[in-house]
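Novice: One structure, pasted below without further comment.
Please treat every number below as a calculation from the coordinates, not as lab data. Note that the structure is predicted; figures quoted are calculated from it, not measured. Cβ placement follows ideal geometry from the backbone for every residue including glycine, while neighbour counts extend to all protein chains displayed.
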Amino acid sequence: MSNTQIVSPKQDLIYMVVLSVVVLTMPIWLQPFGAAYPDLMQKFMIFGIFAIGYNVLFGLTGYLSFGHAAFLGVGSYTAVWSFKLLSMNVLPAMIFAVALSGLFALLIGYVSLRRSGIYFSILTLAFAQMSYNLAYSVLTPITNGETGLQLTQGDARVLDRMAGIEASAALPTPNLFGIEGIGYSGFYICAVLLIISFFIYLRIFRSAFGLKLRAIKSNQNRMGYTGYNTRPYLMTAFVISGMYAGLAGSLLAVTDPLAGAERMQWTASGEVVLITILGGAGTLIGPLLGAGIIKYFENIFSAFNDQVLQNAFSFLPDWLGHAVASVAGLFVGDGWHLTLGLVFMLIVIFLPGGVMEGITRLWRLVRSRTTSFDGNKKEQQPSTREV
Amino acid sequence: MSETKNTRNVSRRTVLKGTAATTGAALIGASFPMHFIKNAHAQTFRGDPGSSGSVKFGFNVPQSGPYADEGADELRAYQLAVKHLNGEGDGGMLNTIKPLELKGNGVLGKKVEFVTGDTQTKSDAARASAKRMIEKDNVAMITGGSSSGVAVAVQGLCQEMGVIFMAGLTHSNDTTGKDKKRYGFRHFFNAYMSGQAIAPILKEEYGTDRRAYHLTADYTWGWTQEESIKAATENIGWETVNTVRTPVGAGDFSQYITPVLNSGADVLILNHYGKDMVNSLTQAVQFGLRDKQVNGKNFEIVVPLYSRLMAQGAGDAAKGILGTTNWHWSLQDAGSQAFVKSFGQEYGFPPSQAAHTCYVQALLYANACEMAGTFAPWEVIKQLEGFEFDGAGNGPTLYRAEDHQCFKDVLVVRGKQEPQSNFDLLEVVKEVPRAQVEYPADMFGGELGPYQV
């Protein structure tokens with residue numbers, strides 16, 4: 001129903017402006033959550049890009065890829081090699097990363113997209129695990145195995161040397177014409193790229209191409225009967241999402257010039273599936289929310305230790321404080337996976353459309369409270385409503 | 001239809017404009033903090049506690065993954081070290097390490113606080129966690145880790161960020177060899193020392209005519225240990241039949257152990273650690289390797305890097321197995337005794353070697369700050385470089401200035417046949433003197449890098 005609904009251009013403009021403002025003011029409004037430090041905010045941005053790219057494939061076509069971490073890894077390795085061989089400037093690194101991971105996606109997609117459903121998922125998973133194992137041991141000369149590919153003092157950096165930039169005693173940092181890729185400036189680089197990526201993603205959602213992808217999700221056979229060959233569209237979506245993953249991978253290298261094989265492991269592929277489903281697959285901003293929630297859990301909850309808990313519950317009487325702290329201790333620190341699992345379970349059971357569904361429901365509730373005579377009958381929609 | 005199209009076109013332009021504007025704003029925003037950092041360059045450093053009454057240490061240990069047991073014990077040791085530094089408890093090694101300027105009133109009069117993080121035994125996660133500690137929690141020093149891959153990755157980050165890294169349990173030659181860093185320090189021994197220490201004992205016990213088969217954890221530590229042990233055993237006349245790499249955290253090693261049976265080898269060397277070693281050793285014993293006779297000799301298994309936690313995990317399988325370790329709680333010197341006593345009082349069981357090295361690292365860093373009279377890392381580094389001390393459990397020890405590696409006695413141990421308790425699992429075969437395991441500082445190459453970054 002809402003799939004075919006024409007969204008007014010004004011609404012898109014509002015989307016972009018609100019998103020930009022929210023993203024760029026993150027260092028301010030994340031302060032009370034204890035998350036306003038560059039590394040975590042960079043992660044929000046990077047995994048946001050990764051997740052919206054993934055959503056182009058999974059959210060729109062319904063093809064569940066379990067191997068997207070491979071493209072993330074390819075992007076990272078390409079970017080670090082670009083730093084090592086060409087220049088510490090992030091532009092060539094990102095361009096090469098996106099191009100190469102796109103190419104890689106083309107190869108994997110060509111084989112995997114011959115099947116659909118579970119077979120497609122397994123094929124992508126197999127390719128990603130293959131890439132991981134290659135990076136982990138076989139291709140050690142290129143990837144430096146488990147230790148991870150790192151910059152060294154003696155790297156070639158051909159373009160930098162030609163431009164007369166000599167390395168100082170310390171290792172050089174990736175930069176965008178002097179704007180460093182680490183710290184707050186690194187966050188802004190990522191933020192701007194997220195906004196640009198989101199704009200492209202928004203255009204894809206609104207385009208005829210996006211509509212065809214949705215058609216594949218709702219009924220691929222019927223689409224075939226109407227005379228469409230679905231394969232090229234799927235292929236394009238797969239490559240686009242691979243390129244998004246490559247961009248995210250290169251940004252990981254920009255903000256921290258090291259590429260490790262574990263970035264390609266199946267757990268990393270699973271993470272992006274988790275992010276997308278948690279936020280709301282097929283929704284516009286769901287994946288961004290999912291990325292934020294998961295990264296927040298991973299970085300903040302895992303850092304709570306007994307000392308922090310004792311302080312947090314110090315207002316309670318001593319014995320009660322200890323008891324509460326020891327129970328809470330199971331869910332934070334090394335138990336953060338447990339909390340994440342519980343939250344994920346609750347969301348999947350009660351809000352199958354992810355966090356976005358929760359927000360939509362709340363919104364509807366608020367609206368029906370304020371205007372009691374609303375076209376409520378018209379609004380009744382299946383729970384997997386697309387925004 | 002055409003009308004719709006028209007509105008869409010206008011909209012795209014407007015949206016583009018909006019994006020351009022926000023991008024511009026972001027770039028301006030981006031230049032702000034840069035400016036700030038550049039101006040403030042002079043003599044400031046990351047992790048400066050300034051005028052606050054406390055200083056923060058960052059304990060970055062594996063809380064999940066194959067080395068989680070070691071990580072948990074490391075964290076216990078760190079918490080104990082913080083207590084002792086702040087003057088709580090019985091003081092532990094504060095009373096035995098000589099020379100020491102710590103007075104039990106914190107460091108430079110500031111109370112020691114700490115933050116913790118989970119490395120997950122993954123380079124990426126470890127670096128993210130370390131970055132959080134540096135950027136958010138403003139720690140003066142990061143320490144911990146139970147994997148050389150992680151240690152090398154975090155050490156590199158710390159060099160870039162200008163924060164001192166006191167490595168926890170890391171045994172690879174690379175940590176203070178090819179990948180050594182000015183801001184990284186290691187108290188633990190390394191694979192080369194293990195090889196030098198254990199080779200004479202192997203010769204004594206198993207003779208000079210042996211054929212060895214290596215199973216090796218596939219990452220920096222495994223590789224360097226395989227290389228060092230191979231070199232040391234070939235030196236005493238052994239032959240290396242084969243070396244096979246196994247993935248970290250494999251769990252099931254049967255596919256790697258079966259080929260050993262028919263390889264003609266009579267010694268299996270397990271370059272594994274943590275849960276990997278527990279699994280591979282247990283499975284090797286279950287496959288009946290130790291009851292076999294090959295080439296007219298008893299089949300033997302050697303675990304070059306051994307620890308009590310692993311012996312505990314492997315149970316009966318560990319009995320009689322030879323290996324080396326950095327430290328063991330049964331040592332009788334005053335430093336070890338003091339540490340074992342306060343650790344035991346706190347937690348009810350003796351500490352592991354991982355706990356020991358981490359505890360000592362925390363104290364050594366604190367002491368260096370006290371000696372330097374500042375937390376400025378380049379001054380602290382100068383104090384640690386070439387620092388000689390005694391009373392930390394391994395006899396007279398030197399922090400060599402050229403590669404930031406500690407030189408001290410190494411223990412050769414064997415799994416006890418009849419353990420008295422759950423913790424009394426290893427017996428010390430020999431305390432190999434420091435002179436026997438020393439090597440020239442430039443043997444593994446590498447560059448330390450600058451003092452100020």
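Novice: What's the magnitude of the charge dipole for the stretch B:192-325 around its Cα centre, counting Lys and Arg as +1 and Asp and Glu as -1 at the beta-carbon? Answer in Debye, nearest 20.
Specialist: 160
Novice: Cross-chain or 8 or more residues apart, Cα under 22 Å: how many lysine pairs in the stretch B:192-325 fit that? Count them up, please. Walk me through the numbers on the way to the answer.
Specialist: Numbers: B:203/B:230; B:203/B:292; B:203/B:297; B:203/B:319; B:230/B:297; B:275/B:319; B:292/B:319; B:297/B:319.
Going through the stretch B:192-325 pair by pair, I get 8.
Novice: While we're on this one: Toward the positive end of the charge dipole of the protein assembly as shown, about the Cα centre and with charges on Cβ (Lys, Arg +1; Asp, Glu -1), which of B:223, A:345, B:356 goes farthest?
Specialist: A:345
Novice: Still on this structure, I have one more. Under 8 Å for C-alpha pairs, at least 6 residues apart: give me the relative contact order for chain B, rounded to a whole percent. Intermediate values should be presented prior to the final figure.
Specialist: Details: 937 pairs, mean separation 81.7, N = 453.
The value is 18 percent.
Novice: Measuring from label point to label point, each 7 Å out along Cα→Cβ, what is the residue A:114 to residue B:337 span in nm?
Specialist: Roughly 7.4 nm, to one decimal.
Novice: Can you give the net charge of the other residues whose Cβ lies under 13 Å from the Cβ of residue A:222, counting K and R as +1 and D and E as -1?
Specialist: Values: positive: A:212, A:214, A:217; negative: none.
Summing Lys/Arg as +1 and Asp/Glu as -1 gives +3.
Novice: How much length would be gained if the chain were fully extended between residue A:320 and residue A:179, taking 0.36 nm per residue of separation minus their Cα-Cα distance, in nm to one decimal?
Specialist: Values: separation 141, 0.36 × 141 = 50.76 nm, distance 5.08 nm.
Extra length from residue A:320 to residue A:179 when fully extended: 45.7 nm.
Novice: A further question follows. So what's the back-of-envelope 222 nm ellipticity for chain B, counting only DSSP H runs of four-plus at -39500 (n - 2.57) apiece and dividing by all residues, rounded to 500? Provide the component values of the computation, followed by the final result.
Specialist: Numbers: 13 runs with 189 residues, N = 453.
Rounded to the nearest 500, the figure is -13500 deg cm²/dmol.
Novice: Now a separate question. When chain A is treated as a GNM, springs tying every alpha-carbon pair under 10 Å, which of A:275, A:204, A:294 comes out with the largest mean-square fluctuation?
Specialist: Maximum fluctuation in the GNM of chain A, among the listed residues, is at A:204.
Novice: Going through the cross-link list B:56/B:341; A:295/B:382; B:131/B:180; B:110/B:341; B:83/B:131; A:84/A:212, which pairs have a Cα-Cα distance over 31 Å in this structure? If you can, show how the numbers build up before the last one.
Specialist: Working: B:56/B:341 26 Å; A:295/B:382 38 Å; B:131/B:180 20 Å; B:110/B:341 26 Å; B:83/B:131 25 Å; A:84/A:212 41 Å.
In this structure, A:295/B:382; A:84/A:212 lie more than 31 Å apart at Cα.
Novice: From other protein chains only, count the Cβ atoms within 10 Å of every residue's Cβ in B:129-137, then give the mean. Walk me through the intermediate numbers first.
Specialist: Numbers: counts 5, 1, 10, 11, 3, 3, 10, 10, 3.
Per residue, the number of nearby Cβ atoms from other chains is 6 on average.
Novice: Placing +1 on the Cβ of each Lys and Arg and -1 on the Cβ of each Asp and Glu in the protein assembly as shown, which of B:139, B:395, B:106 has its Cα farthest towards the positive end of the resulting dipole?
Specialist: B:139
Novice: Could I ask something else about it? For the stretch B:46-91 and the stretch B:292-330, compute the distance between their C-alpha centroids and round to whole Å.
Specialist: 31
Novice: I need the trypsin sites (Lys or Arg not before Pro) found in the stretch B:310-389, filtered to DSSP loop residues with at most 16 other beta carbons within 10 Å of theirs. Walk me through the numbers on the way to the answer.
Specialist: Details: sites: B:319, B:341, B:382; in loops: B:319.
When the trypsin sites (Lys or Arg not before Pro) of the stretch B:310-389 are filtered for loop state and at most 16 Cβ neighbours within 10 Å, nothing remains.
Novice: Could you work out how far helix B:191-206 tilts from the main Cα principal axis of chain B, as a 0 to 90 degree angle to the nearest 10?
Specialist: Relative to chain B, helix B:191-206 is tipped by roughly 10 degrees.
Novice: While we're on this one: Working from Cα positions, state the angle (0 to 90°, nearest 10) between the long axis of helix B:123-135 and the longest principal axis of chain B.
Specialist: Long axis of B:123-135 versus the principal axis of chain B: about 50 degrees.
Novice: So, counting K/R as plus one and D/E as minus one, what does the shell of residues with Cβ under 10 Å around residue B:402 add up to?
Specialist: Working: positive: B:180, B:400; negative: B:385, B:403, B:442.
Taking every Cβ under 10 Å from that of residue B:402, the sum is -1.
Novice: Now for a separate question. What's the magnitude of the charge dipole for the protein assembly as shown around its Cα centre, counting Lys and Arg as +1 and Asp and Glu as -1 at the beta-carbon? Answer in Debye, nearest 20. List each step's numbers first, then the result.
Specialist: Details: 66 positive and 66 negative charges, 851 e Å.
The dipole of the protein assembly as shown has a size of about 4080 debye.
Novice: First measure r as the distance between the Cβ atoms of residue B:345 and residue B:421, then evaluate 1/(1 + (r/R0)^6) with R0 = 25 Å and state the FRET efficiency to the nearest 0.05. Could you put the intermediate results ahead of the total?
Specialist: Working: r = 17 Å, r/R0 = 0.67.
Calculated value: 0.90.
Novice: What are the aspartates and glutamates whose alpha-carbon lies under 19 Å from the alpha-carbon of residue A:10, with same-chain residues fewer than 8 places away excluded?
Specialist: A:386, B:3
Novice: Can I ask one more? For B:71-78, what's the mean count of beta carbons from other chains sitting within 10 Å of each residue's beta carbon?
Specialist: Details: counts 1, 1, 0, 0, 4, 0, 0, 0.
Taking all residues of B:71-78 together, the mean is 1.
Novice: Just grab the label-to-label distance for residue A:348 and residue B:438, each label 7 Å out from Cα along the Cβ direction, in nm (one decimal).
Specialist: Spacing of the two 7 Å Cα→Cβ label points: 6.0 nm.
Novice: Mind pulling the angle between the C-alpha long axis of helix B:68-85 and the longest principal axis of chain B? Nearest 10 degrees, somewhere in 0 to 90.
Specialist: Its long axis makes an angle of about 70 degrees.
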